[in-house]
Amino acid sequence: MNLPNKLTILRILMIPVCILFVVLGWYTVAGIVFIIAAVTDFLDGYIARKQNIITNFGKFADPVADKILALTVMVALIPTLGYPWWAVCIVAARELAVDGLRLVAVEQGIVIPAGNLGKVKTNFQFFSVLSALFLLPNWLTLTLCILMSLLTIASGVQYFVASKDLFSFKKAQS
């Protein structure tokens, strides 16, 4: 197993640790664990591309790890710090829709890569979570959640517009 895949697995293993610290009310410690996890997200992709060691496991596990990290911490923050539930719903709905789209594409032999807008969206997810964890002013967390939600919707629409051919109703050849 290569280093980028090990970093992805490390990120996955950090998720329950981060959640535990949120539940215990140790928000700063949770924020530090979250930052380390986010750094592994950057590093695994950077190393994989630089050393040309991109694997199918990495293509699958890296974005899944990002989604699980962001969503589980967001969900944990709803009752503890009042993180906006509507923002979590938007993120969850978009992720499920785009993952469904990717499954349809894979069945047709098409790979849909992550777009730049999706990467910006992920960064705003991380920033909004960190704003809440480090107990920054509520207006800042709310502003970041609004921006994150708008980027989440826009990047989801971008995926569907770019993949509109997947939904064409061509008569099957027999």
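The values are calculated or read from the model by the stated rules, or taken from the named source; none is laboratory data. For clarity, every value in this text was computed on a predicted model and none was experimentally measured. Virtual Cβ from ideal backbone geometry, glycine too; neighbours counted across all protein chains shown.
So in region 91-123, with the set limited to residues that are surrounded by 15 or more Cβ atoms within 10 Å (Cβ to Cβ) and part of a loop (DSSP other than H, G, I, E, B), which one is nearest to the chain's Cα centre (by Cα)?
A114
From the list F60, F160, F126, F167, which residue is among the aromatic types (F, W, Y), buried (at least 18 other Cβ atoms within 10 Å of the Cβ) and either more than 25 Å from F34 (Cβ to Cβ) or within 15 Å of the chain's Cα centre (by Cα) (or both)? Give the steps one after another, and end with the answer.
Numbers: F60 fails: buried (at least 18 other Cβ atoms within 10 Å of the Cβ); F160 fails: buried (at least 18 other Cβ atoms within 10 Å of the Cβ); F167 fails: buried (at least 18 other Cβ atoms within 10 Å of the Cβ).
Going through F60, F160, F126, F167 in turn, just one is among the aromatic types (F, W, Y), buried (at least 18 other Cβ atoms within 10 Å of the Cβ) and either more than 25 Å from F34 (Cβ to Cβ) or within 15 Å of the chain's Cα centre (by Cα) (or both): F126.
Residue check: is V33 in a helix (DSSP H, G or I) and farther than 27 Å from I54 by Cβ?
Numbers: in a helix (DSSP H, G or I): yes; farther than 27 Å from I54 by Cβ: no.
Spelling it out, it is not the case that V33 is in a helix (DSSP H, G or I) and farther than 27 Å from I54 by Cβ.
Under 7 Å between Cβ atoms, at least 6 apart or on separate chains: pull out the pairs that start in region 119-142 with a residue that is under 17 Å from F21 (Cα atoms) and end on any residue that is modelled with pLDDT of 95 or more and assigned to a loop (DSSP other than H, G, I, E, B).
Every condition considered, the pairs that remain are A132/Y83.
Taking region 23-45 as the search range and keeping residues that are farther than 15 Å from K119 by Cβ and touching a Ser or Thr at 6+ places or on another chain (Cβ under 9 Å), which one is surrounded by the most Cβ atoms within 10 Å (Cβ to Cβ)?
Step by step, filter region 23-45, then rank; the result is T40.
Read through the list (1) part of a loop (DSSP other than H, G, I, E, B); (2) modelled with pLDDT of 95 or more, then give the number of the only condition that K171 fails.
(2)
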